[in-house]
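The values are calculated or read from the model by the stated rules, or taken from the named source; none is laboratory data. Just so it is clear, the model here is predicted, and its values are computed rather than measured. Please note: Cβ atoms are built from the backbone with ideal geometry, for glycine as well, and neighbour counts cover all protein chains shown.
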Amino acid sequence: MAEPQSKRIAAVDAARGVAMVLSCLAHFAWWIQLTYSSAAGYLSTVAKIATPSFLLISGAMAGLLSQSSRLDILRRRLLLRGLFLLTGGHALVSLAEAHRDGGFIHTLGSATIVDDIGLATTLAAIAIPLLAPPQVRTRIAVASGIAFIAIWVVVLGWTPPHLSAGATLEAALFGGSPSDGEPFSYSGPTLQYIAIYALGLPLGSLLGKVRHSDLSGRTFERMLLGVALALFSCTILLKGLRYVCAAVWKAPPEWLLVTSEIGQKHPPSPAYLAFYAACSLVILAGLSYAARRDSVFLQYLVRWFSVLGRASLFIFIVQYFLYWTLPDLLGITPGPTAPLVFVCNIGIAWILAKLWTFANGRLKSVRVHGGLISWNRS
């Protein structure tokens, strides 16, 4: 499962690549929404796997890195990555959205998941020396799960007047209220996303054991599927409770309706997190299995997705330009050839990811001696 040369875990890179394809699918769905609203709805439902998947894997990588003996180097790398997402990444996304949403100055004040991942990564970099003991990562994950539920209770009980200061604060921290319908342009469930990021920390412990062959790939996959089954069961329980209440009282309470709504993303409901996090774990388990097989097709599939996964943050920002800016610049509008736009942009993203990884690898091979830069070609 682990790549011996780089110690990278192929299944994790591939899982991030799948998340990137799903994220591209979400942006594509938004692009075609006005023309093909029904199809866009179905595509968006599938693409919702991307957000919890990427957050959980990002948290898992922070947990994995906290076990390294090179904490100072890794801490600095994480910190620089987080700060870039909060500054340069934010500015690039704002630029991609500017021509559609009132200009660069206006979009600069908006928030996206790029900002939330940047903030979570920065916090993880600051706290990474404290995350070394596995029991600490587990306790933080448990506390984050409790915090997620507590935040949901706050969201259900706090309904400030629309366009008030309270509504602005609620949108910025919690992603708004379930009754808002369309989220604010600046909304981002920051606290919930940080909680989901932290839920991935214990997964980093398992990845560390897999990397050092202390845990077999088959056992790792079974553990992932076991957790996924428990999460699916929670989703079914919430849905079942909803239908029982409907049968008994004819009208289930509003709080139960939104709590059991799988599609409730802004702000994220418990059912949304349980269902889509379970899907994410199933995908990771499937890719882990594929990476262990001798099948030429499965190995190629894992490698193909891994290219996108190794450059995931780069591609995450690039996709905004591919699906929002590029079609408008070329005068392309949603039509019968829309699927071709999606496929072509995925191909462009894959090529860019390949080039980005190659360039990044070359830069890392640079060695400075006496003020002179030389290439390490070994």
Across the stretch 309-333, what is the total count of residues that are in a helix (DSSP H, G or I) and either among the basic types (Lys, Arg) or touching a residue at least 40 places away in the same chain (Cβ under 8 Å) (or both)?
-> 17
Residue list for the stretch 239-251, filter: surrounded by 15 or more Cβ atoms within 10 Å (Cβ to Cβ) and either modelled with pLDDT of 90 or more or under 20 Å from Trp158 (Cα atoms) (or both) = Lys239
Residue pairs meeting the criteria (Cβ under 6 Å; at least 6 apart or on separate chains; first touching a residue at least 12 places away in the same chain (Cβ under 8 Å), in the stretch 336-353; second surrounded by 13 or more Cβ atoms within 10 Å (Cβ to Cβ) and not in a helix (DSSP H, G or I)) | Ala353/Ala311
Where Val46 falls short, out of the listed (1) farther than 25 Å from Ala11 by Cα; (2) surrounded by fewer than 22 Cβ atoms within 10 Å (Cβ to Cβ) | (1)
Looking for whichever is polar (S, T, N, Q), part of a helix (DSSP H, G or I), surrounded by fewer than 14 Cβ atoms within 10 Å (Cβ to Cβ) and free of Cβ contacts under 8 Å to residues at least 60 places away in the same chain here; the options are Ser69, Ser38, Ser94. Which one fits?
-> Ser38
Hey, Ile105 hits all of (1) in a helix (DSSP H, G or I); (2) under 20 Å from the mean Cα position of the chain (by Cα) but one; which does it fall short on?
-> (2)
Hey, among the residues in the stretch 265-303 that are part of a loop (DSSP other than H, G, I, E, B) and crowded, with 18+ Cβ neighbours inside 10 Å, which one's modelled with the lowest pLDDT?
-> His266
Could you check, for the stretch 9-26, whether at least one of its residues is out of contact with any Pro (no Cβ under 9 Å at 6 or more places or on another chain), modelled with pLDDT under 90, crowded, with 17+ Cβ neighbours inside 10 Å and β-branched (Val, Ile, Thr)?
-> yes
Total residues in the stretch 97-129, condition surrounded by fewer than 16 Cβ atoms within 10 Å (Cβ to Cβ) and touching a residue at least 40 places away in the same chain (Cβ under 8 Å) = 6
Scope the stretch 246-258; condition touching a helix residue (DSSP H, G or I) at 6+ places or on another chain (Cβ under 6 Å), outside any loop (DSSP other than H, G, I, E, B) and of a type outside the set (A, V, I, L, M); matching residues = Trp255
